[in-house]
Amino acid sequence: MLFVAMAVLGTWITEQVKQSVLETSGAQGAQFMDGFLEPHVQELQVGGVLSDEVHQELDALFIGTPVGDSVISIKIWRADGTVIYSTTKDLIGQKFVSTDVERAAAGEVIAEYEDLISQESAYEQSLNVALIEVYGPLHRNGTDEVIAVGEIYENADALAAELGTSRVRTWVVVCLTTMLMLGVLYFIVRRGDMTIVAQRSELRQHVQEARQLAQQNDELRLAAEKARLDASEANEQLLDRIGSDLHDGPIQLLTLLTLKLSNRNIAKQVKAPPKGLSTLVDSLRNIAGEAITELRNLSSGLSLPEISGLTLEQALRSAVSHHEDMTGDRVAVVLRDLPQHITEATKICGYRVIQEGLNNAYKHAKESEKSVLAFSREGVLTIEVRDSGAKSASPLVGGVGRQKMGLTAMRNRVGALKGMVAVTTDAVYGTVVVAKLPIDPA
């Protein structure tokens, strides 16, 4: 863009200098013709010719005189393009078609430089010198009437040299200015480029640091998730160990106590038992039996189910089947779109949700219809345990003891896997336990 601007500016300045010189030359030529030619054409009539006396006067004025040294050639034209006087005598009387003559006859002064292409300028072209060609109107004295057109050819060697010098100087100035602008622009762009490179390097370093931090965060998050899942599995294993200890310890002792308190064993030890002893023994035996039942329920809830080799669907059906075997209930089961591969912790958690939900439904709505629905959608496993009618308004939310502990344990299990549990209870429509678990909690 700068080079194009340089070329346009240099050309325009050179042309302006040339036009300015031509305008000056044209003005001077018009003054010359007014002073030297116009007085000799006053006798000319429209369509007429100059007399021999006028020809002689003009020849004496221009041929071989100091005035003729600066003016190479002179012509006088009629408005119709006929040459009525010329220092080149063979042109007199000839008629040419010339737009410059027409314009000068209309009152315009025309100056041209090195534009000799017309037939009437053959002599001037043969001189091989720089010429300025000036056309000007010749008026009748005291009026604006154009009676003829004058044409002079001036030697322009000095003008050509001056124009050449001016052109060289103009292009030198324009080129130097352009190079200066290019240098300034290069400095600005180079400095901006260095700034951009430095900023890009700094940005790349920040991006790399951000990626490293993001990678570290991912590693820490995965480690935390793994630790939480490991803690969940360890918690299940701890509960399983506690359940086994309850089964192998207190339950066995209480079972032995029940055997010791049997009527047959008492009869063997006491031949004649005192009155009322049988009643006391029966009461103690009943209390021990209830304790055994409660401890077995606790042990069953704490022990880890044997589902490690089962799919998720098989594990959930196993929870329902175990409840049906223990209680004699019949539970409607709908399982669909379940994933084939799932973490062990998620599978155990789903098993526990169904186990706890059905146990609570059995305790608080024993005669109601019970159902289990499980499905997966968009990476979330949804489990619903529903019964058709509850005995109390809110046994799970407002209950105490085992019920509240069971709900808390369920929420803790599900929460440990980034899930959520919602329980809604209605005296007419029953209770619905909804658990949502991410299929891949990590």
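The values are calculated or read from the model by the stated rules, or taken from the named source; none is laboratory data. Here the structure is a predicted model, which means the values were calculated and not measured. We place every Cβ from the backbone using ideal geometry, glycine too, and count neighbours over all the protein chains shown.
Summary of computed values
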| read-out | value |
| --- | --- |
| Whichever residue in segment 307-325 is under 15 Å from ALA361 (Cα atoms) and touching a residue at least 12 places away in the same chain (Cβ under 8 Å) and, among such residues, is surrounded by the fewest Cβ atoms within 10 Å (Cβ to Cβ) | HIS322 |
| Qualifying positions in segment 63-105 - under 22 Å from ASP52 (Cα atoms) and among the hydroxyl-bearing types (Ser, Thr, Tyr) | THR65, SER73, THR82, TYR85, SER86, THR87, THR88 |
| So TYR123, is it surrounded by fewer than 17 Cβ atoms within 10 Å (Cβ to Cβ), aromatic (Phe, Trp, Tyr) and in the same structural domain as GLY47 (by TED's automatic domain parsing) | yes |
| Filter result for SER201 (outside the structural domain of ASP90 (by TED's automatic domain parsing) and hydroxyl-bearing (Ser, Thr, Tyr)) | yes |
| Pairs, first assigned by TED's automatic domain parsing to the domain that holds GLY81 and over 25 Å from GLY142 (Cα atoms) in segment 39-68, second modelled with pLDDT of 85 or more and of a type outside the set (A, V, I, L, M, F, W, C), C-beta under 7 Å, six or more apart | PHE62/THR87; ILE63/THR87 |
| Test for THR87: is it surrounded by 14 or more Cβ atoms within 10 Å (Cβ to Cβ), closer than 30 Å to LEU176 by Cα and in contact with a Lys or Arg (Cβ under 9 Å, 6 or more places away or on another chain) | no |
| Any hit, segment 246-259, residues being charged (D, E, K, R), in a helix (DSSP H, G or I) and modelled with pLDDT of 65 or more | no |
| Contacts under 9 angstrom Cβ, first residue in segment 70-82 being touching a residue at least 12 places away in the same chain (Cβ under 8 Å), partner part of a strand (DSSP E or B) and among the basic types (Lys, Arg), 6 or more apart | ARG78/LYS95; ASP80/LYS95; GLY81/LYS95; THR82/LYS95 |
| Answer from SER201, SER166 - the residue that is modelled with pLDDT of 90 or more and either loosely packed, with under 10 Cβ neighbours inside 10 Å or of a type in the set (S, T, N, Q) (or both) | SER201 |
| Selection status of THR178, part of a helix (DSSP H, G or I), in contact with a Gly (Cβ under 7 Å, 6 or more places away or on another chain) and either closer than 18 Å to ILE76 by Cβ or at pLDDT below 90 (or both) | no |
| Condition broken by GLU133, with the remaining ones in (1) in a helix (DSSP H, G or I); (2) acidic (Asp, Glu); (3) buried (at least 16 other Cβ atoms within 10 Å of the Cβ) satisfied | (1) |
| Matching residues, segment 425-442, being at pLDDT 85 or above and over 18 Å from ASN359 (Cβ atoms) | LYS436, LEU437, PRO438, ILE439 |
| Test result for VAL54, within 27 Å of LEU159 (Cα to Cα), in a helix (DSSP H, G or I) and among the aliphatic types (A, V, I, L, M) | no |
| ASP240 vs. criteria closer than 30 Å to LYS418 by Cα, in contact with a Ser or Thr (Cβ under 9 Å, 6 or more places away or on another chain) and modelled with pLDDT under 90 | yes |
| Scan of segment 326-356 for residues that are among the charged types (D, E, K, R) and either part of a helix (DSSP H, G or I) or surrounded by fewer than 16 Cβ atoms within 10 Å (Cβ to Cβ) (or both), ordered by number | ARG330, ARG336, ASP337, GLU344, LYS347, ARG352, GLU356 |
| Some residue of segment 69-78 being in the same structural domain as ALA27 (by TED's automatic domain parsing), part of a loop (DSSP other than H, G, I, E, B) and surrounded by fewer than 16 Cβ atoms within 10 Å (Cβ to Cβ) | no |
| Check on ASP115, in the same structural domain as VAL17 (by TED's automatic domain parsing) and either part of a strand (DSSP E or B) or at pLDDT 85 or above (or both) | no |
| Residues satisfying the stated conditions in segment 8-54, i.e. of a type in the set (A, V, I, L, M, F, W, C) and modelled with pLDDT under 80 | VAL17, VAL21, LEU22, VAL46 |
| Candidate set from segment 82-110 (those that are of a type in the set (A, V, I, L, M), outside any helix (DSSP H, G or I) and at pLDDT below 90); member that is nearest to the chain's Cα centre (by Cα) | ILE110 |
